[in-house]
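Data first, discussion second: the structure below is written as structure tokens.
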Amino acid sequence: MEFKHISVLLSETIDSLNIKPDGIYVDGTAGGAGHSTQIAKQLTTGRLIALDRDPDAVKTATERLSPYNATVVESNFADMKSALGSLGIYGVDGILLDLGVSSYQLDNGERGFSYKYDAPLDMRMSMTGTTAADLVNNLSADELTKIFRDYGEEKFAYKIANKIVKLRENSTIETTTQLADIIASCYPAAARRDGNPSRKCFQALRIAVNDELGSLERALDDAFDLLNVGGVLSIITFHSLEDRMVKQKFKEYTTACTCPPDFPVCVCGKTPRGKLPFRKPVTATEEELKINQRSRSAKLRAIIKL
């Protein structure tokens, strides 16, 4: 299957990076190289480093970026500091993180990300390690409840988790269809009108399998540290958990004095480390929404290092 993915907020993201032709830039989530290609096109003597932990994405990005001064590395963006260090790079002018799952991963049924296709319950972006089936068949009801509730905001998390544990006593749950049927059976008919019942649980499992929030938490400080003065970190999020982490971290970088308000003078000596080029997150236009419905939940935030 060809790696197809429509890049979300493409022009807005490229504009936010304020690309210098001789700069060094990192796309931490290369995917189908949509954003990467647009960055690379603006470089003359500059260089692009494109990272992705998905082997399919690495292969595609390598092919599509071959005309440019770009290096593609198979790596989780959480490990970008070591990945760049191995290339002798310790400072960059811009970093992009386009979080979440790609259209290719969702539409390639055999990868097991989507409830729309009957496939092995996999969901691994790197194609290595623990699968979604491993979690579903081995975690306790309490652990599954926590995943569904915390990562999917699933209000029927407890009921779904307990039914999974009960049914797997007789046979393992191995496919996306099996899991989707279990989830649907736990939903009242009226609640199914709010969209596919499986959406939240599948999102939650994907986040857990790929440690998406842990990866983001590890990456944020490293990415900001890697920026040269004037460099930009731009991040596209797709759900509230990611966006909240990015928003809070950016607030930390832009906060000055943290002394108690009753102190007559500042003793902490803290000054802002960054500034926001725009206060509110950038979202998709009506035109983009018509072309790509998956952009409806996307939010772009950026910060400039001082």
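Going toward the positive end of the dipole of region 45-140, with +1 on Lys and Arg Cβ and -1 on Asp and Glu Cβ, which of THR130, ALA70, GLN105 do you reach last?
ALA70
If I model a spin label as a point 7 Å beyond the Cα along the Cα-Cβ vector, how far apart are those points for ILE291 and ASP142 in nm?
5.0 nm
Report the semi-axes of the equivalent ellipsoid for region 53-137 in whole Å, largest first, where each axis is √(5λ) for an eigenvalue λ of the Cα gyration tensor. Could you put the intermediate results ahead of the total?
Values: eigenvalues 165, 48, 22 Å².
Largest first, region 53-137 gives 29, 16, 11 Å.
Among DSSP beta bridges lying fully in the chain, give the percent that are antiparallel, nearest 5.
On the way: 10 of 28 bridges.
Bridges in the chain are about 35 percent antiparallel.
Solvent-accessible area per residue for the chain at a 1.4 Å probe radius, Å²?
On the way: 14740 Å² over 306 residues.
The answer is 48 Å² per residue.
Can you work out the Karplus-derived ³J(HN,Hα) for every residue in region 290-299? Use 6.51 cos²θ - 1.76 cosθ + 1.60 with θ = phi - 60°, whole Hz, and x for glycine or proline.
5, 7, 9, 5, 6, 7, 5, 9, 6, 9
So for region 139-237, if I pair up every lysine 8 or more residues apart or on another chain, how many of those pairs have alpha-carbons under 15 Å apart? All intermediate terms of the calculation are to be shown ahead of the outcome.
Details: LYS146/LYS155; LYS146/LYS159; LYS146/LYS163; LYS146/LYS200; LYS155/LYS163; LYS155/LYS200; LYS159/LYS200.
Taking the Cα cut-off of 15 Å, the pair count is 7.
For the chain, give the percent of accessible area contributed by carbon and sulfur heavy atoms, probe 1.4 Å, rounded to a whole number. Kindly include the intermediate steps, with their values, before the conclusion.
Details: 7300 of 14740 Å².
Exposed carbon and sulfur together represent 50 percent of the surface.
Which order do the peptides 219-225, 99-105, 187-193, 168-174 come out in when sorted by mean C-beta neighbours inside 10 angstrom, highest first? Mind showing how you got there, number by number?
On the way: 219-225: 18.3, 99-105: 22.0, 187-193: 9.6, 168-174: 12.0.
Highest to lowest by the protection proxy: 99-105, 219-225, 168-174, 187-193.
Roughly how big is region 1-89's charge dipole about its Cα centre, with Cβ charges of +1 (Lys, Arg) and -1 (Asp, Glu), in debye to the nearest 20? Write down the numbers at each step before the final one.
Numbers: 8 positive and 11 negative charges, 40 e Å.
Using only the charged Cβ atoms, the result is roughly 200 debye.
Which of ALA219, VAL229, ASN196 sits farthest toward the positive end of the charge dipole of region 124-280, with +1 on the Cβ of Lys and Arg and -1 on the Cβ of Asp and Glu?
Of the candidates, ASN196 comes out farthest on the positive side.
Can you list residues from other chains, or at least 5 along the same chain, whose modelled amide H is less than 5 Å from the amide H of ILE49?
Distant-sequence amide H within range of ILE49: TYR25, VAL26, ASP27, THR71.
Which one, ASP262, ASP56, ASP27, has the greatest fluctuation when you compute a Gaussian network model over the chain with C-alpha springs under 10 angstrom?
Judging by the Gaussian network model, the answer is ASP262.
Roughly how large, in nm² to one decimal, is the mean projection of the convex hull of the alpha-carbon atoms in region 1-158?
On the way: hull surface 42.9 nm².
Value for region 1-158: 10.7 nm².
If Rh is defined by the Kirkwood formula over all Cα pairs and Rg also comes from Cα, what ratio Rg/Rh do you get for the chain? Walk me through the intermediate numbers first.
On the way: Rg = 20.8 Å, Rh = 20.7 Å.
With Rh from the inverse mean 1/r over Cα pairs, Rg/Rh is 1.01.
Which order do TYR151, TYR25 take by accessible area at a 1.4 Å probe, largest first? List each step's numbers first, then the result.
Values: TYR151 70, TYR25 5 Å².
Largest accessible area first, the list is TYR151, TYR25.
Give the peptides 250-259, 152-161 in descending order of average Cβ contacts within 10 Å, highest first.
Ranked by mean Cβ neighbours within 10 Å, highest first: 152-161, 250-259.
Beta carbons within 10 angstrom, averaged per residue: use that to sort the peptides 236-242, 266-272, 81-87, highest first.
Details: 236-242: 19.9, 266-272: 11.0, 81-87: 15.0.
Descending packing order for the listed peptides: 236-242, 81-87, 266-272.
Stick to Cα atoms and the Kirkwood definition of Rh, then tell me Rg/Rh for region 114-197. If you can, show how the numbers build up before the last one.
Numbers: Rg = 12.5 Å, Rh = 13.2 Å.
Radius of gyration relative to Kirkwood radius: 0.95.
Under a Cβ-only charge scheme (Lys and Arg +1, Asp and Glu -1), can you give me the dipole magnitude of the chain about the Cα centre, in debye to the nearest 20?
Numbers: 39 positive and 40 negative charges, 171 e Å.
With only Lys, Arg, Asp and Glu charged at Cβ, the dipole is about 820 debye.
Reachable lysines from LYS275, Cα under 24 Å, same-chain residues fewer than 8 places away excluded?
LYS275 reaches LYS20, LYS81, LYS247, LYS249, LYS251, LYS299, LYS305.
The values are calculated or read from the model by the stated rules, or taken from the named source; none is laboratory data. It should be emphasised that the depicted structure is a prediction, and the values quoted were computed from it without experimental measurement. With ideal geometry, Cβ positions are generated from the backbone for all residues, glycine too; neighbour counts draw on all protein chains shown. Just so you know, the surface numbers come from the protein's heavy atoms only, side chains and all, with ligands and any DNA or RNA stripped out. Shrake-Rupley method; radii C 1.70, N 1.55, O 1.52, S 1.80 Å.
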